[in-house]
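Trainee: My questions will all concern the structure given below.
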Amino acid sequence: MICERYDVVVVPFPFTEIPVRKRRPVLVFSGSRFNHDNEHSLVAMITTAKGTSWPSDVAIDDLQSAGLLHPCVMRLRFQTMPNSLIVRKLGTLNSADAVRCADALSGMLN
């Protein structure tokens, strides 16, 4: 599946060959051209963060657009993963959530 930047998708976790996997949401950060050309997507963790928090966590405010059922944050914990592992698309971040996530990434790189 080729996704667009800021799509929220479901993937098996962990991403390795461990036999027990749970399906978890992630945020696609790479653009569709990269995703297509490389057959991989750069994704960031989405978590409820019930037990932990990072200063760079970004709350996802519009849960409905993102396709999320519970309050979640985007965490700047990245993985480049094969597109073939993407199970399904849940939704897409709204523009305000996307800007905040992009700003967090920019801050991480500065």
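Trainee: How much length is gained on full extension from T48 to S84, taking 0.36 nm per residue of separation minus their Cα-Cα distance?
Mentor: Between T48 and S84, full extension yields an extra 10.5 nm.
Trainee: Please report the base-10 log of the normalised intensity I(q)/I(0) for region 70-110, using a Debye sum with one equal scatterer per alpha carbon and no solvent, at each q in 0.17, 0.24 (1/Å).
Mentor: Per q value, in the given order, log10 I(q)/I(0) is -0.64, -1.08.
Trainee: Next question, about the same structure. Using a probe radius of 1.4 Å on heavy atoms only, what accessible surface per residue do you get for the chain? Whole Å² is fine.
Mentor: With the other protein chains kept in place, the chain gives 59 Å² per residue.
Trainee: Something else about it: Taking only C-alpha pairs under 8 Å that are 6+ residues apart, what is the relative contact order of region 1-92 in percent?
Mentor: 35 percent
Trainee: How much of the accessible area of region 33-110, probe 1.4 Å, is carbon plus sulfur, in whole percent?
Mentor: Taking all protein chains in place, region 33-110 shows 54 percent carbon and sulfur surface.
Trainee: With a Cα-only, solvent-free Debye model of the chain, what are the log10 I(q)/I(0) values at q = 0.10 Å⁻¹?
Mentor: -0.25
The values are calculated or read from the model by the stated rules, or taken from the named source; none is laboratory data. For clarity, every value in this text was computed on a predicted model and none was experimentally measured. Keep in mind that these areas ignore ligands, DNA and RNA; they rest on the heavy atoms of the full protein, side chains included. Shrake-Rupley method; radii C 1.70, N 1.55, O 1.52, S 1.80 Å.
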